[in-house]
Amino acid sequence: MEWLPTSASTFAPGVDFILWLVTIISVLSCIVVGAMLVYLVVKYRRRSDNDSTPAITHDSFLETLWTVIPTILCVVIFIYGYVYYDEYTTTPKNAIEINVTGKQWIWSFDYANGKKTLNDLYVPVNQPIRLVMQSTDVLHSFFVPAFRVKQDLMGNRYTYINFTATKEGVYDLYCTEYCGTAHSDMLGKVHVLSEAKFAAWEDGSADKAKKASAANIPPAELGKQLYSSKGCVACHSIDGADGVGPTWKGLFAKNRVFTDGTSANADENYIKESILYPGEKMVEGYGPVMPSYKGLLDDAEITAIIEYIKTLK
Ligand code: CUA
């Protein structure tokens, strides 16, 4: 069993060191105090009825000792904490900036070259990254255990995270601030790529390779994968349960009544429009909370999602 998550950023060793330092000091103190307590209770127990306790008012040596030792320990912990906190909050000069938006209940990432991703953050290894984060609604919190970084996102101001990933791989991203119904589905992945792979991802050639392999998957199957990976799962159930958005079960070809009193059949065009321009037709009983997926899903992916919805009868 591993005690701690994988350590994959430059901060991880420092954070783990402080954690171990505090844990070891606490455990040792607990053992010493507990053992002394038992020993002294036994040693100075009342042995007979006329056993009397000597009057002791204080002991300068002992009092100095139990003031000085804990003070030194606290100062040591503070210094380590301060040094690592300072490193954590200082942005390296050559950091790459990525904009992060938290929204009930998806993460969206905007890169300097105009690329956009949902729930999947792509970063190069051994390169300082600065995340400039904001929320469009309530508080969210960006937490990647493997990097030992966590920071709240707020509605009316930017907050920041700096980190340098040290190991290629895919790491879990959590929202760690309770933010409503689908808080527990507000999950993502951080993909740490080698410099070459990141460059390929940036110029789109990695996308093409991925699309080519996606072309071999039946559309409904691909749609099912997109349902989780693009965050649809947070608001739309597939078992008929009502969520923030309408369930996908039995949705296809169903008659929809909108807030303006009009209605339409949920055919392919209706679903595509709802994905790209969710505000156009609001189904009665639901709020205008869905973000537009324009630029985030291509036509083949939208078709795959429609095919998946068709299978949910
Ligand atoms: Cu966003 Cu919890």
statement: the range 217-311 -> Rg/Rh from Cα coords, Kirkwood Rh, value 0.93
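Pairs to check: Lys197/Lys249; Lys189/Lys281; Lys115/Lys249; Lys167/Lys224; Lys103/Lys224. Give those whose C-alpha atoms are more than 27 Å from each other in this structure. It would help to have the intermediate numbers written out before the result.
Values: Lys197/Lys249 38 Å; Lys189/Lys281 32 Å; Lys115/Lys249 32 Å; Lys167/Lys224 30 Å; Lys103/Lys224 22 Å.
Exceeds cut-off: Lys197/Lys249; Lys189/Lys281; Lys115/Lys249; Lys167/Lys224.
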field: Listed residues Ala200, Ala264, Ala35, most fluctuating in the chain (Gaussian network, C-alpha, under 10 Å)
entry: Ala35
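How would you classify the range 96-203 from its alpha-carbon gyration tensor, with a ≥ b ≥ c the square roots of the eigenvalues: rounded for a/c under 1.5, else prolate if a/b is greater than b/c, otherwise oblate? Let's see the in-between values first.
Values: a/c = 1.81, a/b = 1.61, b/c = 1.12.
Taking the square roots of the gyration eigenvalues as a ≥ b ≥ c, the range 96-203 is prolate.
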statement: Percent relative contact order for the chain, counting Cα pairs under 8 Å at least six residues apart, stands at 14
- prompt: Does anyone have the angle between helix 60-89 and the longest principal axis of the chain? Alpha-carbon axes, 0 to 90°, nearest 10?
  reply: 20
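Charges at C-beta only: +1 for Lys and Arg, -1 for Asp and Glu. How large is the resulting dipole of the chain about its Cα centre, in Debye rounded to 20?
300
Neighbour counts of other C-beta atoms within 10 Å: give me His58, His140, His183 arranged from fewest to most. Mind dumping the intermediate values first?
On the way: His58 7, His140 31, His183 18.
Least crowded to most crowded, the residues run His58, His183, His140.
Cβ under 13 Å from Arg256's Cβ, Arg256 left aside: what net charge do those residues give with Lys, Arg +1 and Asp, Glu -1?
On the way: positive: Lys254, Lys281; negative: Asp260, Asp267, Glu273, Glu280, Glu284.
Surrounding charge for Arg256 is -3.
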- request: Check each of the chymotrypsin sites (Phe, Trp or Tyr not before Pro) in the range 113-201 and keep only those in coil by DSSP with at most 16 other C-beta atoms within 10 angstrom; list them in order.
  value: Tyr158, Tyr178
- request: Read phi for every residue in the range 147-159 and hand back ³J(HN,Hα) as whole Hz from Karplus 6.51 cos²θ - 1.76 cosθ + 1.60, θ = phi - 60°, with x for Gly and Pro.
  value: 9, 6, 10, 8, 7, 6, 10, 10, x, 10, 7, 8, 10
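Quick one: putting +1 on the C-beta of Lys and Arg, -1 on the C-beta of Asp and Glu, what dipole do you get for the range 217-311 around its Cα centre, in Debye to the nearest 20? Walk me through the numbers on the way to the answer.
Numbers: 9 positive and 13 negative charges, 28 e Å.
Roughly 140 debye, rounded to the nearest 20.
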field: Hz values of 3J(HN,Hα) by residue in the range 109-115 - Karplus curve (6.51, -1.76, 1.60), Gly and Pro given as x
entry: 10, 10, 9, 4, 8, x, 5
message: If you take every residue apart from Val138 with its C-beta less than 11 Å away from the C-beta of Val138, what net charge results, scoring Lys and Arg +1 and Asp and Glu -1?
response: -2
- line: Output for the range 228-313: GluC sites (Glu not before Pro) sitting in coil per DSSP, at most 12 other Cβ within 10 Å, listed by number, reads Glu280, Glu284
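Starting from the Cα gyration tensor of the range 33-148, take the square roots of the eigenvalues, sort them a ≥ b ≥ c, and report rounded, prolate or oblate (rounded when a/c is under 1.5, otherwise prolate if a/b is larger than b/c, else oblate).
Since a/c reaches 1.5 and a/b is larger than b/c, the shape of the range 33-148 is classed as prolate.
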field: Computed over the range 96-203: relative contact order in percent, which uses C-alpha pairs under 8 Å that are six or more apart
entry: 29
query: Helix 12-43 sits at what angle to the longest principal axis of the chain, using alpha carbons and giving 0 to 90 degrees rounded to 10?
result: 40
- prompt: Ordered by residue, what ³J(HN,Hα) values in Hz, to whole numbers, does the range 171-180 give under the Karplus form 6.51 cos²θ - 1.76 cosθ + 1.60, where θ = phi - 60° and Gly and Pro are x?
  reply: 10, 6, 10, 10, 8, 10, 10, 4, 10, x
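According to the Cα gyration tensor, what semi-axes, each the square root of 5 times an eigenvalue, does the equivalent ellipsoid of the chain have, listed from largest to smallest in whole Å? Walk me through the intermediate numbers first.
Working: eigenvalues 594, 133, 61 Å².
Semi-axes from the Cα gyration tensor: 54, 26, 18 Å.
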task: Pull up the DSSP beta bridges for the chain and report the antiparallel fraction as a percent, rounded to 5.
output: 70
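Taking neighbour Cβ counts within 10 Å as the exposure measure, how do Thr136, Thr166 sort from fewest upward?
Values: Thr136 14, Thr166 17.
Ordered by Cβ neighbours within 10 Å, fewest first: Thr136, Thr166.
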- request: Work out the FRET efficiency for Asn255 and Gln127 from their Cβ-Cβ distance, taking R0 = 45 Å, and round it to the nearest 0.05.
  value: 0.30
task: Give the relative contact order (percent, whole number) for the range 217-311; include only Cα pairs under 8 Å separated by 6+ residues.
output: 36
The range 279-313 and the range 111-177: distance between their alpha carbon centers, rounded to Å: 26
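Any read-out appearing in this document is the output of simple, stated calculations on the displayed coordinates, not a laboratory observation. Because the structure is predicted, anything quoted here is derived from the model rather than measured. Note that each Cβ is placed from the backbone with ideal geometry, even for glycine, and that neighbours are counted across all protein chains shown.
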